[in-house]
Amino acid sequence: MLRIRHLASLTLVHGLLLSGAAFMLLPFAWMLATSVKPPGEVFSATLRLLPIHFNSAENYGFALSHAPLLRFALNGAIVCAGILAVQLLVAIPCAYALAKLRFPGRDALFVLILLALAIPVQVPALPLYIALADLGLLNTYFSMMVPFLFSAFAIFLLRQFFKSYPDDIIQAARLDGMGELEIVWRIVVPSAWPAIAAFAVFSVVAHWNDLYWPLIVITDGTLATPPLGMMLFADAETGSNYSALMAAATLLTAPLVVLFLLARRWFIAGVTMTGVK
């Protein structure tokens with residue numbers, strides 16, 4: 001009876017997990033299926049996932065020839081890489097200080113970091129836009145990066161990881177004459193790659209898919225990021241050709257899928273380890 005109950009519970013749990021996974025993957029499967037359908041089958045009366053006639057070459061060829069999708073992807077990569085680099089350069093020393101150094105106001109500063117997590121980007125959007133306009137920095141990569149260069153979430157996530165780092169190793173490095181910054185970059189950071197990879201996935205996905213801020217500060221189509229480029233592509237080029245639109249969406253989503261597949265082990269390890277304390 002115990003064995004039967006155990007098998008039943010495993011079946012129920014795995015069934016629920018597989019159902020949830022299928023529910024989350026369904027939009028991606030529908031996007032991929034639509035990208036290979038002829039335009040006439042997209043709004044057919046019969047609901048079919050797989051097309052009757054495959055039109056993949058025409059749809060993907062139309063998407064690549066009628067919009068600079070590679071340019072959109074390059075813009076997204078530049079913006080995401082620039083944001084992530086500055087976020088890590090700022091967040092790693094800050095997180096280490098909050099986790100391992102003792103100084104007046106440390107706990108109050110950490111509370112402010114937590115409160116900053118509750119402030120959406122829409123709150124400082126107007127003053128940031130006015131400042132960028134006065135400085136003549138609109139329609140630049142920097143204007144798309146500036147609201148996100150300092151990440152409270154990165155500080156919080158890395159601080160949780162650094163809290164579990166052994167104090168004995170840090171103290172031994174201090175006795176050997178190493179400075180705090182040297183300890184951070186030469187000793188602590190090499191062991192923090194799972195947490196860094198976890199944050200990198202969060203950061204890249206968030207800013208690759210961001211439409212709100214680029215829509216405000218960018219009017220030049222050559223600087224458009226993938227979501228903004230998709231919107232311009234849909235309005236100006238494809239019209240009602242949703243097959244080509246889904247082909248473009250598939251091409252611009254593929255880099256994120258590849259990134260997650262490459263970093264999935266570090267991502268899972270980083271999320272798990274940062275939740276210990």
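Could you give the angle, 0 to 90 degrees to the nearest 10, between helix 2-35's Cα long axis and the longest principal axis of the Cα atoms of the chain?
Approximately 60 degrees, to the nearest 10.
What do you get for the angle between helix 125-135 and the principal long axis of the chain? Use alpha-carbon atoms, 0 to 90 degrees, nearest ten.
90 degrees
Do you know the relative contact order of region 1-86, to the nearest whole percent, from alpha carbon pairs under 8 angstrom that are 6+ apart?
20 percent
Would you work out if region 81-128 is rounded, prolate or oblate? Take a ≥ b ≥ c from the square roots of the eigenvalues of the alpha-carbon gyration tensor; rounded if a/c is under 1.5, else prolate when a/b is larger than b/c, oblate otherwise.
oblate
Dipole size in debye (nearest 20) for the chain around its Cα centre, Lys and Arg Cβ +1, Asp and Glu Cβ -1?
1040 debye
What is region 13-114 by shape, rounded, prolate or oblate, if you read a ≥ b ≥ c off the alpha carbon gyration tensor as root eigenvalues and call it rounded for a/c under 1.5, prolate for a/b larger than b/c, and oblate otherwise?
Oblate, because a/c is 1.5 or more while a/b does not exceed b/c.
Between region 145-209 and region 74-106, what's the alpha-carbon centroid distance in Å?
The two parts, judged by their Cα centres, are 7 Å apart.
Connecting C-alpha atoms closer than 10 Å in a GNM of the chain, tell me which of ILE92, ILE216, ILE130 has the biggest fluctuation.
ILE130
Find the relative contact order for region 94-188 and round it to a whole percent, using C-alpha pairs within less than 8 Å whose residues are 6+ positions apart.
Taking the mean separation of contacting Cα pairs over the length of region 94-188, I get 43 percent.
Hey, rough spin-label estimate for SER19 and PHE103, points 7 angstrom out along Cα→Cβ, what's it come to in nanometres?
So the two model labels end up 5.2 nm from each other.
Quick check: residue separation of ARG264 and MET231 times 0.36 nm, minus the Cα distance between them. What number comes out in nm?
This chain segment gains 8.9 nm when fully extended.
Relative to the present Cα-Cα distance, how much length would full extension add between ALA118 and LEU74 at 0.36 nm per residue of separation?
That pair, ALA118 and LEU74, stretches by 12.8 nm at full extension.
Compute the Cα gyration tensor for the chain, then decide on rounded, prolate or oblate, letting a ≥ b ≥ c be the square roots of its eigenvalues: rounded whenever a/c is under 1.5, prolate when a/b is larger than b/c in the other cases, and oblate in all that remain.
oblate
Relative to the Cα centre, what is the charge dipole magnitude of region 128-191, using +1 at the beta carbon of each Lys and Arg, -1 at the beta carbon of each Asp and Glu, and rounding to the nearest 20 debye?
160 debye
Tell me, which longest segment in the chain has none of the chymotrypsin sites (Phe, Trp or Tyr not before Pro) that fall in DSSP loops with at most 13 further Cβ atoms within 10 Å?
With a cap of 13 other Cβ atoms within 10 Å, the longest stretch comes to 55-277.
When the Kirkwood radius is taken over all Cα pairs of region 142-215, what Stokes-Einstein diffusion coefficient follows at 25 °C and 0.890 mPa s, in µm²/s?
In µm²/s, the coefficient rounds to 171.
Throughout, read-outs are computed from the coordinates displayed, never taken from laboratory work. Values in this document were obtained by computation on a predicted structure and should not be read as measured data. Because the Cβ atoms are built from the backbone with ideal geometry, glycine has one as well, and the counts that use them run over all protein chains shown.
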